[in-house]
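Heads up, the thing below is written out as structure tokens.
The values are calculated or read from the model by the stated rules, or taken from the named source; none is laboratory data. If you're wondering where the values come from, they're calculated on a predicted model, not measured in any experiment. Cβ: placed from backbone, ideal geometry, glycine included. Neighbour counts: every protein chain shown. Just the protein is used for accessible areas: all its heavy atoms, side chains included, with ligands, DNA and RNA removed. Shrake-Rupley method; radii C 1.70, N 1.55, O 1.52, S 1.80 Å.
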Amino acid sequence: MKSYLKPGSRIVVKVGSSSLRHGATGRLDLYKLEVLVRQLANLRNAGLDVVLVSSGAMMAGRTALGIDSLRTLSQKQAAASVGQARLMMIYSKLFSEYNTVASQVLMTKNTVADPEHKQNARNTFEELLAMGVIPIVNENDTVSTYEIQFGDNDTLSAVVSELVQADLLVLLSDIDGLFTSDPNTDPEAKLVREVLEVDESLLGMAGDSASDVGTGGMRTKLQAARMAMDAGTDMMIANGRDFRVIHDLVSGKGTGTWFRAPEENRRKRDSSIERECRG
Ligand code: GLU
């Protein structure tokens with residue numbers, strides 16, 4: 001098993017809204033947030049570069065405002081505006097308890113569609129990581145409309161992994177990984193442990209399964225895997241029910257589905273990093 005637990009490794013961790021809330025009330029699970037932050041601060045202490053892609057803005061805004069369901073786009077955007085600030089306040093506070101600095105990066109599709117913006121975002125990430133900061137990324141839900149939105153944070157996390165040329169992307173959600181069929185309806189469904197290529201038959205296997213909160217289903221996760229693997233980044237889908245699993249996953253252990261980037265893509269990524277280092 002390949003371990004990424006070494007100084008200089010670059011890890012992107014994506015957590016979905018469903019992994020950040022109490023199932024019964026829909027409110028933020030502060031205990032889980034605390035465990036998440038402790039895990040990430042510890043990876044940083046071990047010398048890794050860490051980026052967190054966190055959902056939860058709309059969920060936190062909705063509960064802060066006491067609104068049960070968000071109907072219109074502007075309601076969703078207003079809730080995200082309230083919730084994103086709350087979420088960052090909590091993350092900043094928790095990270096500072098571990099003597100770690102966190103920052104906020106909000107992105108839309110435009111950030112990467114325009115080469116100048118893309119380079120700018122890349123430079124900022126590089127600078128933040130060189131400063132030892134843990135950037136916390138989300139979609140800029142407050143301003144992003146259909147044309148400029150990623151739509152889900154699975155895609156966003158793959159885009160971020162490509163931008164920072166990460167070694168590993170960890171997607172933590174309310175599912176154990178990719179199954180041969182829907183485990184909710186088929187008792188014979190088996191967990192797929194390793195994927196070397198995301199082809200059409202695999203995408204077909206994923207169907208349109210989605211979790212009940214957040215916007216990404218298995219199909220978007222596989223599309224994210226394809227993007228990550230193209231960029232030479234390995235990816236892992238695992239269950240975020242207990243964030244203490246992060247340490248195991250980064251050590252190359254833990255249960256879930258591994259997506260291994262082809263050797264050739266990894267070499268391409270490594271040589272472009274070397275080129276950039278030489279300036
Ligand atoms: N950006 C959204 C939020 O923070 C979540 C999108 C997603 O879960 O995929 O509320």
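Net charge in the neighbourhood of Gly83 (other residues with Cβ under 11 Å of its Cβ; Lys, Arg +1, Asp, Glu -1) is +2. Where both bridge residues fall in the chain, DSSP classifies roughly 20% of the beta bridges as antiparallel. Top mean-square fluctuation among Leu30, Leu129, Leu94, Gaussian network model of the chain, C-alpha springs under 10 Å? Checking each option, the largest mean-square fluctuation is seen for Leu30. Under the combined filter of DSSP loop state and at most 15 neighbouring Cβ atoms within 10 Å, the range 1-109 retains these trypsin sites (Lys or Arg not before Pro): Lys2, Arg27, Arg71. Between Arg86 and Glu188, the C-beta separation translates, for a Förster distance of 45 Å, into a calculated FRET efficiency of about 0.55. Per residue, the chain exposes 47 Å² of solvent-accessible protein surface, assessed with a 1.4 angstrom probe and all protein chains in place.
Sequence neighbours fewer than 8 away in the same chain don't count; with that in mind, list the aspartates and glutamates whose C-alpha is under 18 Å from Lys268. Hits, sequence-local ones excluded: Glu162, Asp167, Glu197, Asp230, Asp234, Glu276. Highest average first, the peptides 53-60, 114-121 ordered by how many other beta carbon atoms sit within 10 Å of their residues are 53-60, 114-121. Ligands, DNA and RNA excluded, the heavy atoms of Leu73 present near 90 Å² of accessible surface to a 1.4 Å solvent probe. Counting 0.36 nm for each residue step from Glu127 to Val101 and taking away their Cα separation leaves a gain of 8.0 nm. When only alpha carbons are used to place a centre, the range 1-69 and the range 107-146 end up 18 Å from one another.
Carbon-plus-sulfur accessible fraction, the chain (probe radius 1.4 Å, protein heavy atoms only): 50%. Our estimate of slack between Leu73 and Glu274, defined as 0.36 nm per intervening residue step minus the Cα-Cα distance, is 68.0 nm. Filter the cross-link list Lys93/Lys253; Lys93/Lys221; Lys32/Lys93; Lys190/Lys253; Lys2/Lys221 down to pairs whose alpha-carbon distance in this structure exceeds 23 Å. Long pairs (Cα-Cα over 23 Å): Lys93/Lys253; Lys93/Lys221.
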